[in-house]
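The values are calculated or read from the model by the stated rules, or taken from the named source; none is laboratory data. Keep in mind that this is a model prediction, so the values were computed, not measured. Backbone-built Cβ (ideal geometry, glycine too); neighbour counts: all protein chains shown. Please note that ligands, DNA and RNA were not included when accessible areas were found on the heavy atoms of the full protein model with its side chains. Shrake-Rupley method; radii C 1.70, N 1.55, O 1.52, S 1.80 Å.
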Amino acid sequence: MGFQSLVIIFLLCISMANSDHLNQNKTILQCLTHHSIASPSISSVTFFPTDPSFTSTLQSYIRNLRFTSTTTPKPLFIVVPSHVSHIQASIICCKTHGLEMRIRSGGHDYDGLSYVSKAPFMIIDLFNLRSVIVDKGTAWVESGATLGELFYAISQKSKTHGFPAGVCPTVGVGGHFSGGGYGNMMRKFGLSVDNVIDAKLVDVNGNVLDRESMGEDLFWAIKGGGGASFGIIISWKIKLVSVPEIVTVFKIEKTLEQGVTDIVHKWQYIADKIDPNLFIRVVLLPVNKKHLQSIKAKFIGLFLGNGQELSSLMNEAFPELGLSFDQCIEISWIESILFWSNYPKGTSLDVLLDRQPQQEKYLKKKSDYVQEPISKENLEGIWNKMIELKRPALTLNPYGGKMSEISEFETPFPHRAGNIYKIQYSVTWKDDGVEATGRSLDQIRKLYDYMTPYVSKSPRSSYLNYRDVDIGINENGNASYSEGVIWGRKYFKGNFERLVQVKSKVDPGNFFRYEQSIPCLGSWKSTTAE
């Protein structure tokens, strides 16, 4: 056979493959249109790879550059619903065509599980559903809204209300709330989910349910158990909290040479016991310069009160930090959001409406919980390991206050009393490619392994919203109990079994599945029977 004949056969194969794809796309679109009654039509918010807007729609909410590579699996299509019937039709047609569904709100899923799958899949991206309606101390917020949009809407209605949630404005409400929702007012008011009072969800049968119709078990499960295992949450009703008209923030940096070890050691003894109006985060960074290898610590604080009260409190409880009154910055609560997001003083509140982060990176995160203070000697060992590894950083977030008052069974999020602080491990890098990724992942895993003696045990716990596939996955999304329990107890401790029971009741066919979705009781029974 000649070269020309081979070329013709090759071109014919490509043509047939393209024809197959076009026919598949046409069949799926017919299904979506048939099951959707909304105007505008679902075809106007559905994007196939042949669409000019497909790539930009896919990549616009990928916050971890690791998942923008050409080798990252891509969805067969994306639906960006503007009406609940678009969601209902997508569920029906995914079941009909045997496709997995990924559900994305803000795209900050650290390991990409809200928009990547090895199985044939599509994405429901909720960014069109982002209304926020604030009314008399409560608000209804759609899952596609960002935290910045939520905070902005609250500030437009009241100077004395806020909401306990994360400090990154571009995080989507949907994933943040359903995984717990951790922020700098948690010591005073608990997590975001501790202040959720209703929700609207589309279940596996396409029914739209609120708290009353879904029942208390399912409502409990989505408040920290990860909503994407149970359905598609359209919106949340939240209870706003009272904040002073003036709050106080500060940021102080210290190095090893300025006594970081002593200061961090003391922080461990006061951070979870001090006035619950005060939250002091510590960010620890290795310094690797030509003539200096050191550790830098940033102490970042939010105090729900004025500067005079704060400086008196700190002088009494934590003089080692050396906070003076002139380092206290008195601002409104909404301005404190900008401060914590590193915006310069005087920045317009309108930046909270910007849905794109200031910068995007290649990244990996992990988490731990510390229940006993780490000795000065062991802290020095940790600093040496960080300097050796060069890149990974640690962020320490204090517990105590309201977090110790709420039962670990109140929501699926179990990490309450007994924890002094949580650690977030973080590594970021700029270079694309397998080598840079492998090197960075190796660094953060080595630091995580080194920390084993100093963190929680039986299980070594993790935070769901710091998604980490290193602690275990369900292979190919087929959630068996034996696989799920490995990572499930790290995220949920004794609440994992109740989540399995709820999942088995509301989605017995395991339609809503992904690498760390809650497994069904059927797979539990079949595993234990073996």
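Checking the structure you have, find out if any residue of region 274-291 is basic (Lys, Arg), open to solvent by less than 50 Å² (accessible area, probe 1.4 Å) and more than 16 Å from residue 257 (Cβ to Cβ).
Yes: one or more hits.
Find all pairs meeting these conditions: Cβ atoms under 8 angstrom apart; at least six residues apart or on different chains; first residue within region 391-414 and closer than 27 Å to residue 449 by Cβ and assigned to a strand (DSSP E or B); second residue open to solvent by 10 Å² or more (accessible area, probe 1.4 Å) and of a type in the set (Gly, Ala, Ser).
Within 8 Å, the pairs are 393/426; 394/426; 395/426.
Scan region 199-207 and give yes if some residue there is assigned to a helix (DSSP H, G or I) and β-branched (Val, Ile, Thr), otherwise no.
no
State whether one or more residues within region 21-29 are surrounded by 18 or more Cβ atoms within 10 Å (Cβ to Cβ) and modelled with pLDDT of 95 or more.
No, that holds for no residue.
Can you pull out the residues in region 70-84 that are open to solvent by less than 30 Å² (accessible area, probe 1.4 Å) and at pLDDT below 95?
Listed by number, the list holds a single entry, 72.
Please pick out the residue among 341, 367 that is in contact with a Pro (Cβ under 9 Å, 6 or more places away or on another chain), within 21 Å of residue 172 (Cβ to Cβ) and hydroxyl-bearing (Ser, Thr, Tyr).
Sole residue among the options that is in contact with a Pro (Cβ under 9 Å, 6 or more places away or on another chain), within 21 Å of residue 172 (Cβ to Cβ) and hydroxyl-bearing (Ser, Thr, Tyr): 341.
So, in region 348-381, of the ones that are in contact with a Leu (Cβ under 8 Å, 6 or more places away or on another chain) and assigned to a helix (DSSP H, G or I), which residue ends up surrounded by the most Cβ atoms within 10 Å (Cβ to Cβ)?
352
Could you check how many residues of region 58-67 are surrounded by fewer than 16 Cβ atoms within 10 Å (Cβ to Cβ) and not in a loop (DSSP other than H, G, I, E, B)?
Total satisfying the criteria: 1.
Matching residues to (1) of a type in the set (Asp, Glu); (2) in contact with a strand residue (DSSP E or B) (Cβ under 7 Å, 6 or more places away or on another chain); (3) free of Cβ contacts under 8 Å to residues at least 60 places away in the same chain:
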| site | (1), (2), (3) |
| --- | --- |
| 79 | no, yes, yes |
| 86 | no, yes, yes |
| 93 | no, no, no |
| 99 | no, yes, yes |
| 104 | no, yes, no |
| 112 | no, yes, yes |
| 115 | no, yes, yes |
| 121 | no, yes, yes |
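Given the criteria closer than 24 Å to residue 145 by Cα, touching a Lys or Arg at 6+ places or on another chain (Cβ under 6 Å) and either outside the structural domain of residue 181 (by the TED database) or among the polar types (S, T, N, Q) (or both), does residue 112 qualify?
Spelling it out, it is not the case that residue 112 is closer than 24 Å to residue 145 by Cα, touching a Lys or Arg at 6+ places or on another chain (Cβ under 6 Å) and either outside the structural domain of residue 181 (by the TED database) or among the polar types (S, T, N, Q) (or both).
I need every pair where a residue in region 142-165 that is at positive phi has its Cβ under 8 Å from the Cβ of a residue that is of a type in the set (Asp, Glu) and open to solvent by 40 Å² or more (accessible area, probe 1.4 Å), sequence separation at least 6 or different chains.
Short answer, once both residue conditions are applied: none.
What pairs come out if I take residues in region 36-61 that are charged (D, E, K, R) and pair them with residues that are not in a loop (DSSP other than H, G, I, E, B) whose C-beta lies under 9 Å away, six or more apart or interchain?
Once the first residue is charged (D, E, K, R) and sits in region 36-61, its partners that are not in a loop (DSSP other than H, G, I, E, B) give 51/57; 51/78.
For (1) hydrophobic (A, V, I, L, M, F, W, C); (2) in contact with a His (Cβ under 9 Å, 6 or more places away or on another chain); (3) on the phi < 0 side of the Ramachandran plot, each residue gets a yes or a no:
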position	(1), (2), (3)
45	yes, yes, yes
53	no, no, yes
60	no, no, yes
67	yes, no, yes
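Being aliphatic (A, V, I, L, M) and assigned to a helix (DSSP H, G or I) is the filter here, so list the residues in region 140-176 that pass it.
147, 150, 153, 154, 173
If you go through region 446-475, how many residues are closer than 23 Å to residue 117 by Cα and basic (Lys, Arg)?
Count: 1.
Listed here are the residues, each with its yes/no results for (1) at pLDDT below 95; (2) over 25 Å from residue 175 (Cα atoms); (3) open to solvent by 50 Å² or more (accessible area, probe 1.4 Å); (4) touching a Lys or Arg at 6+ places or on another chain (Cβ under 6 Å).
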site	(1), (2), (3), (4)
443	no, yes, no, yes
461	no, no, no, yes
498	no, no, yes, no
507	no, no, no, no
530	yes, yes, yes, no
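How many residues are touching a residue at least 60 places away in the same chain (Cβ under 8 Å) and either part of a loop (DSSP other than H, G, I, E, B) or of a type in the set (Phe, Trp, Tyr) (or both) when one looks only at region 416-453?
Residues meeting the conditions: 11.
Need at least 2 residues that are assigned by the TED database to the domain that holds residue 375 and among the small types (Gly, Ala, Ser) per element, so show me which strands (runs of 3 or more DSSP E) inside region 242-343 make the cut, counting only ones lying wholly within it.
292-303
Inside region 480-499, can you point out the residues that are under 21 Å from the mean Cα position of the chain (by Cα) and within 22 Å of residue 232 (Cα to Cα)?
484, 488, 491, 492, 495, 496, 499
Which one of the conditions (1) out of contact with any Ser or Thr (no Cβ under 6 Å at 6 or more places or on another chain); (2) under 25 Å from residue 105 (Cα atoms); (3) outside any loop (DSSP other than H, G, I, E, B); (4) not basic (Lys, Arg) does residue 464 fail to meet, given that it meets all the rest?
Against the list (1) out of contact with any Ser or Thr (no Cβ under 6 Å at 6 or more places or on another chain); (2) under 25 Å from residue 105 (Cα atoms); (3) outside any loop (DSSP other than H, G, I, E, B); (4) not basic (Lys, Arg), residue 464 comes up short only on (3).
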